[in-house]
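In what follows, a single structure is set out as structure tokens and then discussed.
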Amino acid sequence: MSNIKKGKWRKLPMELSKKIGLIALGCAITFNAHAASPWENKLFLSGGVGYSTLDVDGGPEFDTYGLAGKFGVRFTPYFGLETRLAIGVTEDSWTIPSNTVASDDYKDVDMTHEYSIGQYVVLGYANSSSFYPYVSLGYAATGGKLELNPKTKENRNEEARKVSESLDDSDFSYAFGFNLVVQKDIAVTAEYISYLDTHDADFSSFYVGLTHQF
């Protein structure tokens with residue numbers, strides 16, 4: 001009887017506690033993986049801010065800030081569809097160099113980003129961590145405006161008038177980024193988007209926001 005008390009009956013609680021500990025650890029890992037799943041088959045909505053750059057071929061570069069968002073659905077942990085929308089809230093100016101012909105009558109050029117909208121296929125890499133990288137491929141339309149501002153009447157020709165040029169165009173678009181889950185169904189999203197890449201201009205953006213899945 002003493003051998004049983006000192007042997008098996010003392011060893012059993014220790015083995016049982018180990019098993020309980022392993023089960024608890026497994027449950028914790030399962031819960032954390034579920035709580036950190038940004039790739040579930042659900043609807044999602046994202047909103048945030050963007051920093052955009054317009055690089056005119058053979059000309060100036062403009063930087064603007066704006067609001068951006070996207071919504072869509074994941075059909076599998078690896079595949080989904082989404083719609084993106086971005087609007088500019090600031091404008092940028094470029095001073096015309098004094099050694100150019102245009103500087104005789106004009107002082108600077110203002111650039112405004114009006115909108116970008118597109119449809120995308122989303123390809124993601126599902127894993128058991130809270131980090132979910134993805135690539136989006138699609139087609140987007142972008143609208144903007146360039147305004148050539150004349151100098152004052154005292155130092156320009158009378159013929160000079162404000163000139164506006166539309167930048168509306170569409171092109172193949174892509175993005176790559178990641179979701180980093182901060183709590184269940186909510187993730188921080190960061191990505192790079194190329195909206196437009198033509199022989200006339202390149203328009204791209206860096207986006208940071210919050211994504212919520214439903």
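The values are calculated or read from the model by the stated rules, or taken from the named source; none is laboratory data. From a predicted model like this one, the values you see are computed outputs, not experimental measurements. Neighbour counts run over all protein chains shown; Cβ positions are idealised from the backbone, glycine included. Keep in mind that these areas ignore ligands, DNA and RNA; they rest on the heavy atoms of the full protein, side chains included. Shrake-Rupley method; radii C 1.70, N 1.55, O 1.52, S 1.80 Å.
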Rounded to the nearest 10 Å², the accessible area of residue 180 at probe 1.4 Å: 70
Virtual spin-label span in nm between residue 127 and residue 41, 7 Å along Cα→Cβ: 2.4
FRET efficiency, 1/(1 + (r/R0)^6) with R0 25 Å, evaluated for residue 95 and residue 135 via beta carbons: 0.10
Interchain or long-range residues, amide H under 5 Å from residue 40's placed H: none
nm² value of the averaged projected area, convex hull over the Cα atoms of the range 84-214: 10.4
Accessible-area value, residue 202, 1.4 Å probe, nucleic acids and ligands omitted, Å²: 60
Probe 1.4 Å - accessible area at residue 81, Å² to nearest ten: 70
Additional length obtainable on full extension of the chain from residue 83 to residue 163, 0.36 nm per residue less Cα span: 25.5 nm
Length added when fully stretched, residue 212-residue 102, from 0.36 nm per residue minus Cα-Cα: 34.7 nm
